[in-house]
There are 2 protein chains.
Amino acid sequence: MVTLNQKQFAPERLDRLRAALRQNRMARVEDLCRELNASPATVRRDLTHLEQLGEIQRVHGGAVSVDSKIEEPLFDAKTSIASKEKQQIAKAALDFVKPGDTIYLDGGSTVLELARLLRDHTNLTVVTNSLRAALELAGRGPRLILVGGELRRLSQTVVGPLTENILREIHVDTAFMGSMGLSSDSGLTTTDPNEAFTKKRVMDSARQVVVLVDSSKEGKVAFSHAGKLEDVDVLITDGKLSKDFVRSLTEKKIKVVKA
Amino acid sequence: MVTLNQKQFAPERLDRLRAALRQNRMARVEDLCRELNASPATVRRDLTHLEQLGEIQRVHGGAVSVDSKIEEPLFDAKTSIASKEKQQIAKAALDFVKPGDTIYLDGGSTVLELARLLRDHTNLTVVTNSLRAALELAGRGPRLILVGGELRRLSQTVVGPLTENILREIHVDTAFMGSMGLSSDSGLTTTDPNEAFTKKRVMDSARQVVVLVDSSKEGKVAFSHAGKLEDVDVLITDGKLSKDFVRSLTEKKIKVVKA
DNA sequence: GCGATTATGGTCGCATTCGATCGGAGGTCA
DNA sequence: TGACCTCCGATCGAATGCGACCATAATCGC
C-alpha cells in the first residue's frame, strides 16, 4: 500500500527551507545544505516534498518559491515545459465537444488552451471553476456558468466545500480535467486538498470524463488524491507516454488519444 | 572572489529574457549575453525555447516579442473612465469596512473602484458576483469567495437562480451594492431580472446594506425592481443629490454619506 | 527489549546543462 | 551576382546535479 501521508519529516528543517525560499525567491541545493547542516540528499528529499505540497517549484540546481509567481495571474507560471504540446492536446480535445453540449472546464494550463479554442462555439454551455478559463470566454463565446466558492490564488481556481452547492445542481455531458500528477497507483493527484475535493465532485457527476495532461505528468504524485483512473473515460496527451503506462491505462478501458 | 560566476537557474534566465523583451520590443543575442552573463549558445537555446512556447519570435541576430496579449476591449473601456466621483465614493465606503469582516461586492463600476482599494486588506473576506472585482483581487488581497452562476456578459457579473445556492450558505456583515436606477417610488432598479434577483437575495442576508451610486442615478428607473429603499442602511454618493431626494431618504432612516 | 518502520547520508550511474567548435545558411554591399 | 561577414544550428565534451540503491542510525509500537 502506498503511504501518502508521511509527514514525519523534521518540521523545523522544512520551516527553515520555507523561510529561506521566501526571503530570496530562489535557492541552490548547495547553499541550503550549508545553511541547514544537512546532506544534499536530505535537502533534495525535503524540496521534492515541498514541491508535492505545491509550495515551491523545483528547478535544476535548486528551487524557486512559487509565491513569487502568483502576482501575475495572467501569465503562465509553468511555461518551462511545453506549450506546443498543450495546444495540440487542446485541439484534439475539441473532438469531444459536440454542439449543444454542456461541458466542464477544470483549471490548469492545458485546459486553458481548450478554453481559448471555444470562443467561437456559441451553441454550447461551459461550466468552469477556473478564473482564467472564465476570462477567456468572458467577452464572447458559449453560455458561461461559473462555479462559486473560495478562490485558490495559486491556481486561480474556485475550490472547496462551497463549490458543492452549485455542482450538485448541474450535470455536464463532458468534463475536461487537468491534473498535477498521473500515476497507475495513485491515479489523479493535485497539491491542494480543496482542489482535489472539487475535482472529485465534478468527475462524479459528469457523464464523460476527459483528462488533458502533457506527458511530463506521468508517474508524478502530488499531495492530494483527486480521482481514480477508473473514473476516467478518455486521456488526451502528447505522444511521449511510456508504453507500459499506456497499456495499464487501456487495460482500465481508458481511451488514450495522442495529440 | 568576484561575483562573476554567479550561478543562475534556467527559469530565472527565461524570466529575465521575457522581461528584457517586454521592455524593448526586440533584443540582440549579443546584448542578451552580456546582460545575462551567459554564452551565445545558451542564449540561443533559451530563445528557441521561448519561441517554441510562442512567446517570442526569432529573427536573425536576436528576437522580437510577439504581443499575444490582446486584452479584452470590454475591460479596458470601462475601467479607464472611472470618474473622480466614483473614486471618492469608493474611498468613503472604506469607512464601512472593518478588519475581520466579511463583505459583499456587487457589480458596477463604482463598487469596482472599492475593490481596487481593498488589495492590501488581507484580514478580510470578500464575497462577490462581479468578475471584474474578482480580477482586481485575484493576485493578492483578502480571502476571496466567488458566487457561482451564469455570467451576464453585459455587466460581467454572475446572476440568476444558481447564485442562490451559494448565497443561502453565507451571511455577510456588509453588502456594497451598485444600482442602475434609484428613485423614491421604485427604489433600486436594474436592467436584468436575473441580476435583480441576485441583488435581492444578497440584501436579504446582509446585516448591513451600503449602496454606492453617483448622483446621475437619481430618479432613474430601470426595468427590474432590485430592492426597496427600506432595505438600504447607508447610501454613499457625491454631493449633487437634490435636497428633496435626500430628505425623502433620511425619512426612511437611510444614512446619506456625501463623498 | 526487540523488530519494524522511518529518516538520513554516501555512492554510483545517468541525465541535464552549458560552453566551444565547425560547417553551412543568411544577410550585405559592391 | 558573387565575395565577405555574421549568425545559426548541430554535435561533442566537461561539469554538475539528480534519482536509485544501500547502509546506518533513530524512533515507534508491541
Report summary line: Using eta = 1.567 mPa s and T = 4 °C, Stokes-Einstein with Kirkwood Rh from Cα pairs puts D for segment B:73-258, in µm² s⁻¹, at 80 µm²/s
Query raised in the report: Rg to Rh for segment B:6-65: what is it, with Cα atoms only and Rh by Kirkwood?
Result: 0.91
Query - Pseudo-label separations to other copies for residue A:248 - Cα-to-Cβ vector, 7 Å, nm - result: 7.2
Query raised in the report: What longest range of chain A stays clear of loop-exposed chymotrypsin sites (Phe, Trp or Tyr not before Pro) (DSSP non-H/G/I/E/B, at most 15 other C-beta within 10 angstrom)?
Result: A:76-259
Report summary line: D (µm²/s, integer) via Stokes-Einstein for the protein assembly as shown, Kirkwood Rh across alpha-carbon pairs, 4 °C, 1.567 mPa s: value 52 µm²/s
Requested in this report: List the trypsin sites (Lys or Arg not before Pro) within segment A:139-234 that fall in a DSSP loop (any state other than H, G, I, E or B) and whose Cβ has at most 15 other Cβ atoms within 10 Å.
Outcome: A:140, A:168, A:207, A:228
Query raised in the report: chain A: longest stretch without exposed GluC sites (Glu not before Pro) (DSSP loop, at most 16 other Cβ within 10 Å), sites themselves excluded?
Result: A:72-168
Query raised in the report: In what order do B:256, A:246 fall by count of nearby beta-carbon atoms within 10 Å, going from fewest to most?
Result: B:256, A:246
**Report entry** FRET E, pair residue B:58, residue A:91, Förster distance 30 Å, beta-carbon r, rounded to 0.05
**Finding:** 0.80
Query raised in the report: What spacing in nm lies between the two simple spin-label points modelled at residue B:33 and residue B:208, each 7 Å away from Cα in the Cβ direction?
Result: 6.5 nm
Query - Point-charge dipole on Cβ atoms (K/R +1, D/E -1) for chain B, about Cα centre, debye to 20 - result: 460 debye
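Just so you know, all these numbers are worked out from the coordinates, no wet-lab data involved. What you are looking at is a predicted structure, and each value in this text was computed from that prediction instead of being measured. Every residue, glycine among them, receives a Cβ derived from its backbone with ideal geometry; neighbour counts consider all protein chains shown.
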